[in-house]
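A.B. asks: Okay, here's the structure, questions in a sec.
Every number in this text was worked out from the coordinates using simple rules, so none of it is lab data. In this text the structure is predicted, and so the values were computed from the model without any measurement. All Cβ positions, even for glycine, are placed from backbone atoms using ideal geometry, and neighbour counts span all protein chains on display.
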Amino acid sequence: MINKKGVSAVVATVLIIMITVAAVAIVWMTVIPMIKDTANDGITEFNAQKSIEIVREGYTCANQGTGNSSVQISRDASTNVNITKLSVQWMAGGNTANTTDCLAPSINGNVVCTLDMATATVNVTGVRVAPVIQNGQAEKELGALPEVALPACA
């Protein structure tokens, strides 16, 4: 009889199961934190956007004669997101004409951001606002609210 040397079926099955479990554990440890971070970022962005609103009357207007434009932004107390500032994107003809930063309003407060476009060659027609949050040591600008048309100042 020939001496056969090899791995028995039981040992081979156990090895395959151990390799499979190890592979699943490695994938689990790398994929779950990525999904968790992405989900948390999405929730934070949603809450930050939900808590600010462009007030469509009052100080929100464009004075085409002087080139000055202003927007009033309010913040409610529905979420507890640490918004450090706002990035205001002044729109002209569907394109961003200028971007300014202004302080974020306090909870249940308002802030008015202004833009002096007297030296510019475009007329501001709309505005978008994006919240900026503190993300560790860096600031992160989140997605902007939909554009709001600026009426003429009274």
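A.B. asks: Only counting other Cβ atoms within 10 Å, I'd like 128, 56 sorted with the fewest neighbours first. Kindly include the intermediate steps, with their values, before the conclusion.
C.D. replies: Working: 128 19, 56 13.
If I rank by nearby Cβ atoms, fewest first, I get 56, 128.
A.B. asks: Let me ask something additional. Let me know the charge dipole size of region 52-137 about its Cα centre in debye, to the nearest 20, where only the beta-carbon of Lys, Arg (+1) and Asp, Glu (-1) is charged. Before the final figure, lay out each step's value.
C.D. replies: Numbers: 4 positive and 5 negative charges, 18 e Å.
Approximately 80 debye in magnitude.
A.B. asks: Can you give the longest run of the chain that contains no GluC sites (Glu not before Pro) sitting in a DSSP loop with at most 16 other Cβ atoms inside 10 Å? Write down the numbers at each step before the final one.
C.D. replies: Numbers: sites that count: 57, 147.
The reported range is 58-146.
A.B. asks: Could I ask something else about it? About its Cα centre, what dipole magnitude does the chain give when the only charges are +1 on Lys and Arg Cβ and -1 on Asp and Glu Cβ, stated in debye to the nearest 20? Let's see the in-between values first.
C.D. replies: Values: 9 positive and 11 negative charges, 168 e Å.
Roughly 800 debye, rounded to the nearest 20.
A.B. asks: Can you compute the charge dipole magnitude of region 1-72 about its Cα centre, using +1 on each Lys and Arg Cβ and -1 on each Asp and Glu Cβ, nothing else charged? Give it in debye, rounded to the nearest 20.
C.D. replies: Working: 5 positive and 5 negative charges, 134 e Å.
That gives a dipole near 640 debye.
A.B. asks: Also, I was wondering about something else. What's the exposure ranking of 114, 38, 79, going from fewest to most Cβ atoms within 10 Å? Mind dumping the intermediate values first?
C.D. replies: Working: 114 13, 38 10, 79 17.
Starting with the residue having the fewest Cβ neighbours, the order is 38, 114, 79.
A.B. asks: Once you place label points 7 Å from the Cα toward the Cβ at residue 16 and residue 116, how far apart are they in nm?
C.D. replies: 7.7 nm
A.B. asks: Going by how many other Cβ atoms sit within 10 Å of their own, how do 86, 15, 142 line up, fewest first? Show your work: numbers first, answer last.
C.D. replies: Details: 86 25, 15 11, 142 20.
Arranged by neighbour count, lowest to highest, 86, 15, 142 become 15, 142, 86.
A.B. asks: While we're on this one: Using modelled amide H (1.01 Å from N, peptide plane; none on Pro or chain starts), what sits under 5 Å from the amide H of residue 125, excluding residues fewer than 5 places away?
C.D. replies: 91, 92, 93
A.B. asks: Running Debye on the chain with equal point scatterers at the Cα sites and no solvent, what base-10 log of I(q)/I(0) appears at q = 0.16, 0.17, 0.18 Å⁻¹?
C.D. replies: Relative scattering, expressed as log10 I(q)/I(0), comes to -0.89, -0.96, -1.03.
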